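A short worksheet on the structure shown next.
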Amino acid sequence: MSIIRSVLATALGLLAFFSATAVLGEARTGGTLVVATTNDTPDLDIQKYISSSQHNALMPLYNGLVEKDWTADEPFHPIVPGLATSWSVSEDGKTYTFNLREGVTFHDGSPFNAEAAHFNFQRMTDKDSPYYDQQAGSTATGVLKGLKGSRVVDEYTFEVELAEANVGFIEAIASLPNYYMISPAAIQKFGNEEIGQHAVGTGPFKLVEWVRGQRTVMERNEDYWGKKPYVDRMVYRPIIEPAARVAALKAGEVHIAWDIPVDQVEPLQGDPRFNIFLRGLPATKVIECWQASGPFSDRRVRKAVNMAIDRKTLAEVILKGTAIPATQLYGIGSASFDPDLPIFEEYDPEGAKKLLAETAHPDGFGFFVITSPENEPVAGALQAYEFVQANLQAIGVNMEIRVRDNAEFGAAYMRVKADDECVTFDRGYDTDFILDMGYYGGQCVPNGLNNQCFQNAEVDRLMEQAYTASSIDEWRDLHRQAQQHIIDDSGSFPLVHGLRPMASMKQVQDWLPAKAWLQFPGYAWLAEE
Amino acid sequence: MDRTDNEPIPVAAPTGGSQEGGWPRVLSGVRSHQGIAVGAAIVMAVVLVALLAPFISPYDPNEIHPIDRLKGIGTPGYLLGTDIQGRDMLSRLAWGSRTSLAIAVVPLAIAGLIGLLLGSFGAYGGGVSETLIMRGMDVVFGLPPILLAIAVAATLGPGLFNLLVSLTIVLIPPMTRVTAQVVAILREQTFVEAARASGARDLQIIFHHILPNSVAPVLAYATSLAGSMVVFGAGISFIGLGIQPPRADWGRMINDGREVLDLMPHVSTLPGIAIVVLAAGFNFLGDGLRDLLDPRMKV
Amino acid sequence: MLRFLAWRLLFLIPVLLGASAVVFTLIQLAPGDPIDVLMGVFASPEAREALRAKYGLNDPAYVQYFRWLWHILQGDWGVSIQQRRPVLPLVMEKFWITMLLTGAAGLFAIVVGVGAGVIAAVKQNSLTDRLILLVSVFSLSMPAYWLGLVFIFLFSVTLGWLPTGGMRSFMGEKSNLDVLEHMIMPGVVAGLTPAAIIARVARAAMLEGMRLDYMTALRAKGLSERAVILRHALRNALPTIVNMTGLQIGYLILGAALFVEIIFSWPGLGYEIYKSVIGRDMPMMLGLVLFSTIVFVLLNLLVDVLYRVINPRVRAD
């Protein structure tokens, strides 16, 4: 069913695409594309951080060995060759060999080759290298625990070694731009700190000017090895407030605005000047609570809370169709997202009350959630929580919302929590390794990322099995099974899957937002006004 | 007198001309009475709304009606429309008046008391003790109030109580300074001299003569700051460091309606108007009272 | 005068010590730390510790504070943890951006404030006077953050006259007055409260001046009313007006413009203070506080000196 649907959708999409192009003719070269982005990067060193706001700002300037095609109109974004044209893995799954693209140069003119790739991986893995960077290293190995080292085979052949097999390796380095390549010559010239003020990559755009918090001005890289952008220049203008982004779009100051407020979607859809996109985001809005002790350690309490949440009204009325009711932990655009799963829990406040009556908290209880607006560019976060607050009130559960800054949110996420302490955010990344990170029993905070301290022996077993899976498909299959156990265990409170509303002026052609945190609008072109 | 000793508090809207003679100083008493009347009427009206909030609110201010989100003014059942959660605007505005009044009154009252004590003891002695207290204020509170408020919010966490604490801290130095100035005038007055001549001890003089006579002018000055406090406090909530959802607060309500300002302007506009009106009421009242009660105005 | 200057400058030292100590203590007590903000949730505990050690965040608080103080005394403002750049140039950059906004706001406040004040004084007790009074009270009571939103909706989105925010535009024909266009709305919104205050002060000072006996004498000598007002009454009121204007501008730099900077995405000092508190970026935070306090005190000093120079009564003693 879902296959037929997606084939149909693709066919229709292609049809629409071709008819549109036929009318408009050839893509036009030239012009400046101005994009209102959601956030800015603290500096220009793409290897040091792992936040999408930083990666988004820098992705047009850099390339990875492998990448994902963020412009593809498919259920999830496929892995494509980047600076490596092909790759293979050894029998034991511990050595990956990359055949590198020849004739590629960095923006400073220095060549890209196996030495350059090796230099970059040394920066992340080799503590003895003079250019080892602690922050880049901890970011790289924090995600890929087994990343061990690298080796130059010949000028255009390069190997990466893992301590243990990991079928998700290619998936990870394709999805996370902190593994992208920086010019070794530039790092040597500026040093590990100062490189943060210079962006020297191989990407389709070159940096012209970056003023933190105000603008990133980029121009087309005429020597780019791949598909060259149509626009001469692209400007990123970070506007943090959603209302201000829409105002800028309506006032004609930007061509594209990311993350539109929910209530602006409908009016913009009816406005002939704009296109609105509701594509999806591989993240799920969740409330995550401490389960090692306290009320949420009881599965019946968790289930009752899940039953009390009216996800349908939340998605359709409160969030005005900019999200769909949560069915699972993965989000739309994630390769593991299963469109056929039913709603996470049917809305049944009466049943919830009854179930709660069986527990140690028959008259309800109180808890608090910590949320950080900086953490959630996704539209309507606070409205959603206030709605859930009212939902839970109906079964006697008192949820207090504490809006805090990112520093406090981070501290709360990473600590052993109080019995009544929860955090809420959009869980999910552009690659689908969220289960290991959040639900593996041996990884409770503060030593791991299982911030609820969720425990389920069967889930642990399936994940361990997945580590030694022979293929990514098998890995995904095992994780789907694990997810089903988590769902049955009411192991989390997923609310909705966001559709991430994005808008552009009609003048912008061939732009389709990625179903991802990462966005690359650089291949759009501007029609004559 | 050092000019900076009597600076208005540098928050959102310092009321000008405290020492140089504000508006009413040169006016006939008629106008200051008019100002008091208008100001008092506005403030009393808001106080009345706050007291009667449970009775005039058609709904619980936090009760959401998802189906009735963003209804306009005059929608049947919702006299002033609803907000992004379908909460009744009238009820939220009524209940929100309580937080705004609390922000206007509580920090000023507490800081006023502290200021009265510090200021009167400091200034009565004059000389070293006065310099010590005044300069101490400058040193410890040499910070921009907005910065202090943000830092306190980051440290204690947001919320009504912590907002009141941080506003109180912000207000202590100006209240102390003003008391000191009033006391400096009072201590030269004949009745104080007389008391001193009749052998009263300093402590007696402070409690029987200085303090009672300082209360009225300090109160007047405090009233003139209340309007700024309403605006400033709501601003802290507006940027998310003050009142927490779902509690009704005018500053938060402006922020709530921000994303739909061009579609459903009432959500942001009504609380904005409410703030302006209440702050203007306090400002009228403060101007008038200071003209009547502040001896520094009549020097 | 020199003694006065020296005394005031000397007093700057305890003020700066106090301000920095208060900020340091508050941020130290705040939950969360800059490394967590910087590194996100993926970094290993060891890596966090290593970075903490690098910035000296594991030392006792008083050691950190005195180390910062020691470095400051040697002219080293430290490095911003979030931005990895030296604090001083960053602060300077933000300072000039805020000065642009302050300049626009100050200009508006002086022109409108003095103008309204003089008119109100000249037409004392007339309808115009009362109207100006009314407008000034409401301007004082106006939340800048709300007025800014309304202005954006009105003048940018609806009428398309002025840009919504930021400092530069990137689309279409760029006029030479690009930055200027971006300054108009934030300048007016930030300048409104100071304008109201200056108007009140100017009016009072003008009235006082106009009542002086020698004004009557001047009038008797046949000087035109216009000349009396502009040349003499205004001249007399000037010290007071300068005084209050200086204070108001000081407050704008000190962060009264924060709300305006947030609403109009104006990347100045106020906004930076807000962001560095959020990011627990201690060196940046302390640098901003130190710098803006110095500027404030120096500005006050300048105003006082000016006050003494143009006011013969003060100069006498």
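The values are calculated or read from the model by the stated rules, or taken from the named source; none is laboratory data. Note that the structure is a prediction, hence the values are computed from the model and not measured. Every residue, glycine among them, receives a Cβ derived from its backbone with ideal geometry; neighbour counts consider all protein chains shown.
Would you mind listing the helices (runs of 4 or more DSSP H) fully within the range B:189-268 where at least 3 residues are more than 24 Å from B:Ala151 (Cβ to Cβ) and modelled with pLDDT under 90?
Fully inside the range B:189-268 and qualifying: B:190-197, B:202-205, B:211-238.
Restricting to the range C:124-168, name every residue that is of a type in the set (D, E, K, R) and within 12 Å of chain B (Cβ to nearest Cβ).
Answer for the range C:124-168, where residues must be of a type in the set (D, E, K, R) and within 12 Å of chain B (Cβ to nearest Cβ): C:Asp129, C:Arg130.
(1) closer than 24 Å to A:Ala36 by Cα; (2) within 11 Å of chain C (Cβ to nearest Cβ): which one isn't true of A:Asp426, the others all being true?
Status for A:Asp426: all satisfied but (2).
Of these, A:Ala384, A:Ala394, A:Ala418, A:Ala407, which one is without any contact (Cβ under 8 Å) to a residue 60 or more places away in the chain, hydrophobic (A, V, I, L, M, F, W, C) and either within 13 Å of chain C (Cβ to nearest Cβ) or closer than 28 Å to A:Arg300 by Cβ (or both)?
A:Ala407
Confirm whether C:Thr98 is in a helix (DSSP H, G or I), farther than 19 Å from A:Glu408 by Cα, of a type in the set (S, T, N, Q) and more than 14 Å from chain A (Cβ to nearest Cβ).
Judged against the criteria, C:Thr98 is not a match.
Within the range C:34-71, restricting attention to residues that are acidic (Asp, Glu), assigned to a helix (DSSP H, G or I) and surrounded by fewer than 18 Cβ atoms within 10 Å (Cβ to Cβ), which residue is farthest from the other protein chains (Cβ to nearest Cβ)?
My answer is C:Glu49.
Tally the residues that are more than 22 Å from C:Val22 (Cβ to Cβ) and either within 8 Å of another protein chain (Cβ to nearest Cβ) or surrounded by fewer than 24 Cβ atoms within 10 Å (Cβ to Cβ) (or both), restricting the search to the range C:264-278.
So the count comes out to 2.
Would you mind finding the one in C:Val157, C:Val111 that is under 27 Å from B:Val276 (Cβ atoms), surrounded by fewer than 23 Cβ atoms within 10 Å (Cβ to Cβ) and under 18 Å from the mean Cα position of the chain (by Cα)?
C:Val111
Given the options A:Val152, A:Val167, A:Val160, name the one that is assigned to a strand (DSSP E or B), among the aliphatic types (A, V, I, L, M) and surrounded by fewer than 21 Cβ atoms within 10 Å (Cβ to Cβ). Give the steps one after another, and end with the answer.
On the way: A:Val167 fails: assigned to a strand (DSSP E or B); A:Val160 fails: surrounded by fewer than 21 Cβ atoms within 10 Å (Cβ to Cβ).
None of the others qualify; the one that does is A:Val152.
Within the range A:405-457, work out how many residues are among the hydroxyl-bearing types (Ser, Thr, Tyr), outside any loop (DSSP other than H, G, I, E, B) and under 23 Å from A:Ala335 (Cβ atoms).
Looking only at that region, the number is 1.
Filter the range A:17-52 down to the residues that are assigned to a helix (DSSP H, G or I), modelled with pLDDT under 80 and not hydrophobic (A, V, I, L, M, F, W, C), then identify the one that is nearest to A:Glu253 (Cα to Cα).
So the residue we want is A:Thr21.
Name the residues in the range B:156-209 that are among the polar types (S, T, N, Q) and under 15 Å from B:Glu130 (Cα atoms), would you? Write out each step before concluding.
Of the range B:156-209, the ones among the polar types (S, T, N, Q) are B:162, B:166, B:168, B:176, B:179, B:181, B:189-190, B:198, B:204.
Once the filter is applied, which keeps residues that are among the polar types (S, T, N, Q) and under 15 Å from B:Glu130 (Cα atoms), the range B:156-209 yields B:Thr176, B:Thr179, B:Gln181.
A quick yes/no check of all residues on (1) more than 30 Å from B:Asp83 (Cα to Cα); (2) surrounded by fewer than 17 Cβ atoms within 10 Å (Cβ to Cβ):
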{"position": "A:Ile287", "(1), (2)": "no, no"}
{"position": "A:Ala292", "(1), (2)": "yes, yes"}
{"position": "A:Phe296", "(1), (2)": "yes, no"}
{"position": "A:Ala308", "(1), (2)": "no, no"}
{"position": "A:Phe337", "(1), (2)": "yes, no"}
{"position": "A:Ile343", "(1), (2)": "no, yes"}
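Here is a yes/no grid of residues against (1) touching a residue at least 60 places away in the same chain (Cβ under 8 Å); (2) in contact with a strand residue (DSSP E or B) (Cβ under 6 Å, 6 or more places away or on another chain); (3) more than 14 Å from every other protein chain (Cβ to nearest Cβ):
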| position | (1), (2), (3) |
| --- | --- |
| A:Gly109 | no, no, yes |
| A:His118 | no, yes, yes |
| A:Gln122 | no, no, yes |
| A:Thr125 | no, yes, no |
| A:Tyr131 | yes, no, yes |
| A:Gly146 | no, yes, no |
| A:Ser150 | no, yes, yes |
| A:Ala163 | yes, yes, yes |
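For the range B:262-271, how many residues are within 8 Å of chain C (Cβ to nearest Cβ) and either surrounded by fewer than 24 Cβ atoms within 10 Å (Cβ to Cβ) or over 24 Å from B:Arg69 (Cβ atoms) (or both)?
Count: 3.
If you check A:Gly331 against the conditions, is it closer than 26 Å to A:Gln264 by Cβ, at pLDDT below 95 and more than 14 Å from chain B (Cβ to nearest Cβ)?
yes
Return the pair list, or none, for Cβ contacts closer than 8 Å from residues in the range A:463-484 that are aromatic (Phe, Trp, Tyr) to residues that are not in a helix (DSSP H, G or I), at least 6 apart or on different chains.
As it stands, the answer is A:Tyr467/A:Glu164; A:Tyr467/A:Ala165; A:Tyr467/A:Asn166; A:Trp475/A:Val167; A:Trp475/A:Gly168; A:Trp475/A:Ala469, since those pairs meet every condition given.
Only residues that are at the interface with another protein chain (Cβ under 7 Å from one of its Cβ atoms) and touching a Ser or Thr at 6+ places or on another chain (Cβ under 8 Å): list them for the range B:236-259, please.
B:Ile254, B:Arg258
Kindly indicate the residue of the range A:489-529 that is more than 17 Å from A:Phe337 (Cα to Cα) and charged (D, E, K, R) and also surrounded by the most Cβ atoms within 10 Å (Cβ to Cβ) among those meeting that condition.
Top of the filtered list is A:Asp489.
Identify the residue in the range A:440-452 that is touching a helix residue (DSSP H, G or I) at 6+ places or on another chain (Cβ under 9 Å) and touching a residue at least 60 places away in the same chain (Cβ under 8 Å) and, among all such residues, is surrounded by the most Cβ atoms within 10 Å (Cβ to Cβ).
Here the residue is A:Asn451.
Counting only residues that are β-branched (Val, Ile, Thr) and under 23 Å from the mean Cα position of the chain (by Cα), which one in the range A:114-163 is nearest to A:Pro42 (Cα to Cα)?
A:Thr139
So, of the residues in the range B:137-165 that are small (Gly, Ala, Ser) and either within 7 Å of chain C (Cβ to nearest Cβ) or surrounded by fewer than 24 Cβ atoms within 10 Å (Cβ to Cβ) (or both), which turns out to be nearest to B:Ala226 (Cα to Cα)?
Looking at the filtered set, the residue picked out is B:Gly159.
When you go through (1) in contact with a strand residue (DSSP E or B) (Cβ under 9 Å, 6 or more places away or on another chain); (2) away from every other protein chain (no Cβ under 14 Å); (3) part of a loop (DSSP other than H, G, I, E, B); (4) not polar (S, T, N, Q) one by one for A:Lys285, which number turns out not to apply?
(3)
From the residues in the range C:274-314 that are within 22 Å of A:Asn406 (Cα to Cα) and not in a helix (DSSP H, G or I), which one is modelled with the lowest pLDDT?
C:Gly279
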